[in-house]
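**Student:** Have a look at the structure that comes next, please.
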Amino acid sequence: MTAWIAILIPLLIMVFALGMERLETRLRAGTVREDEVEDFLERARPDEVKALFRQGIGGALTLFRLRNLGKRGGASRRGARTGETSGRSTTGV
């Protein structure tokens, strides 16, 4: 009987540790980084703050990220367009 306990307890501890590692991996993927929260709090718009109270930090950060992606993509497109436009206006004048 003592031999079974000596074998079973370490096996149970190893299974528990593996299970907790899987849980930690899932939780780590769903967490929000500190720099993302700081950036959000510094530059959030009113609609994003409302989303923070209604949906939580996950929903608010999703809106914030979408807005930032739109700015980055739009700014590069606008910059190319204004560069072309300003180049034409200077050569055309």
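Just so it is clear, none of the values below were taken in a lab; they were calculated from the coordinates. Source: prediction; values computed, not measured. Glycine gets a Cβ as well: all are built from the backbone with ideal geometry, and neighbour counts include every protein chain shown.
**Student:** Just the residues that are over 15 Å from the mean Cα position of the chain (by Cα), surrounded by 10 or more Cβ atoms within 10 Å (Cβ to Cβ) and under 30 Å from K71 (Cβ atoms), please, taken from region 8-43.
**Tutor:** R43, the sole residue that qualifies.
**Student:** Then there is this: Can you list residue pairs whose Cβ atoms sit under 9 Å apart, with the first residue in region 49-70 being free of Cβ contacts under 8 Å to residues at least 60 places away in the same chain and the second being assigned to a helix (DSSP H, G or I) and hydroxyl-bearing (S, T, Y)? Count only pairs 6 or more apart in sequence or on different chains.
**Tutor:** Once the first residue is free of Cβ contacts under 8 Å to residues at least 60 places away in the same chain and sits in region 49-70, its partners that are assigned to a helix (DSSP H, G or I) and hydroxyl-bearing (S, T, Y) give A51/T62; Q55/T62.
**Student:** Also: For region 1-40, enumerate the residues that are part of a helix (DSSP H, G or I) and among the β-branched types (V, I, T).
**Tutor:** In the first step, residues of region 1-40 are kept if they are part of a helix (DSSP H, G or I); the result is 2-29, 34-40.
The answer is T2, I5, I7, I9, I13, V15, T25, V37.
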